[in-house]
1. Any idea how far apart residue 223 and residue 186 come out in nm if each label point goes 7 Å out from Cα toward Cβ?
2. With a ≥ b ≥ c taken as the square roots of the eigenvalues of the C-alpha gyration tensor of the stretch 120-175, please select rounded if a/c is under 1.5 and otherwise prolate if a/b is larger than b/c or oblate if it is not?
3. Based on the Cβ-Cβ distance of residue 174 and residue 70, what FRET efficiency does E = 1/(1 + (r/R0)^6) give at R0 = 51 Å, to the nearest 0.05?
4. How high is the FRET efficiency from residue 286 to residue 24, r the C-beta distance, R0 30 Å, rounded to 0.05?
5. Name the lysines eligible as straight-distance cross-link partners of residue 254: C-alpha to C-alpha under 26 Å, and not fewer than 8 places from it in the same chain.
6. For the pair residue 84/residue 11, report the inter-label distance in nm, with labels modelled 7 Å from Cα in the Cβ direction.
7. Assuming a ≥ b ≥ c are the square roots of the Cα gyration tensor eigenvalues, decide whether the stretch 191-234 counts as rounded (a/c under 1.5), prolate (otherwise, with a/b larger than b/c) or oblate.
8. Is the stretch 130-271 rounded, prolate or oblate when judged by the Cα gyration tensor, a ≥ b ≥ c being the square roots of its eigenvalues, rounded requiring a/c under 1.5 and prolate requiring a/b larger than b/c?
Amino acid sequence: MPLPLTPPPLAAYQDLIDLALAEDVGPGDITSDLVIPAASEGSARIEARSDLTVSGLYVAADVIRAVNPEIRLTPEAHESETVQAGRILMRLNGSMRGILAAERTALNFLGRLCGVATLTRRYVQAVAHTRCQIVDTRKTLPGWRALDKFAVASGGGTNHRFALYDGILLKDNHVASAGGVEAAVTAALRGAPSGMRVQVEVESLEDAEKACQAGADFLLLDNQTPDQVRRITEHLGDRATLEASGGITLANLKEYAETGVHRISLGALTHSAPAADVALEIEASNTEPGTR
């Protein structure tokens, strides 16, 4: 069954579509205009060329509509669905010129977002035997944050704060500038908007205890070994939400998750995900060679 996911609104990525089409199509598709009659219509399919987790069909559809709103679109898969190579993701019917003009831009969006969702799903499945959540970061492609974070959610991951304005995270530089863990947490809690949690980075068990005593219940354990994370986790238990990050890969992910930590955040989900292999294939066309 589809997960209850709601894609970001078109306003969050309309400018990206406009920029991408201006870059790729510009004043027009010279090749198609030369060889395909303006009235030619046909059908095509977008398909997975590798096993993947779907994300971004909604963006691909908006790209196609931006090129030609009369092209008829029929989704054959849903966001967050894991499919095998060869699965049809969407069918298109209408203007051949429009389909071909939109092809590359639509696939560029879809391939990247499916790639993020697919990589996230791999991480999520690797820790499924634990209580640990896989969490994203702000290490997203500039301008793509809403899309990237939805792709993480499509892959079963959890979204961290969206930006600097909607979450408080006291990193090591904040702590140093404030005069220590206790001072940083106290100042943040004093001015924090109602209901907003304060997360603070701690570098030792001693700092973790100080942070909790100061009122923090959300700690970041950055660039620590599994043994260090386990020691803090065993000491604090569920007194605080504990999030590990830094230097964690698929190779050592299980070891970190089995420390009992609540969350693992990974920039790699969005900054290093390889694009998934998706393609568009023409199925039928009424184009007659030599006609214009």
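1. That separation, rounded to one decimal, is 2.7 nm.
2. Values: a/c = 2.68, a/b = 1.36, b/c = 1.97.
Note, shape of the stretch 120-175 comes out oblate.
3. Rounded to the nearest 0.05, the efficiency is 0.45.
4. Numbers: r = 25 Å, r/R0 = 0.85.
My answer for the efficiency is 0.75.
5. Of all the lysines, those that pass the test against residue 254 - Cα under 26 Å, at least 8 places apart if same chain - are 139, 149, 171.
6. 4.3 nm
7. Numbers: a/c = 2.77, a/b = 2.11, b/c = 1.31.
The shape class here is prolate.
8. Values: a/c = 1.88, a/b = 1.17, b/c = 1.61.
Verdict is oblate for the stretch 130-271.
We did not get these values from a lab; they are worked out from the coordinates using the rules stated. Just so it is clear, the model here is predicted, and its values are computed rather than measured. Backbone-built Cβ (ideal geometry, glycine too); neighbour counts: all protein chains shown.
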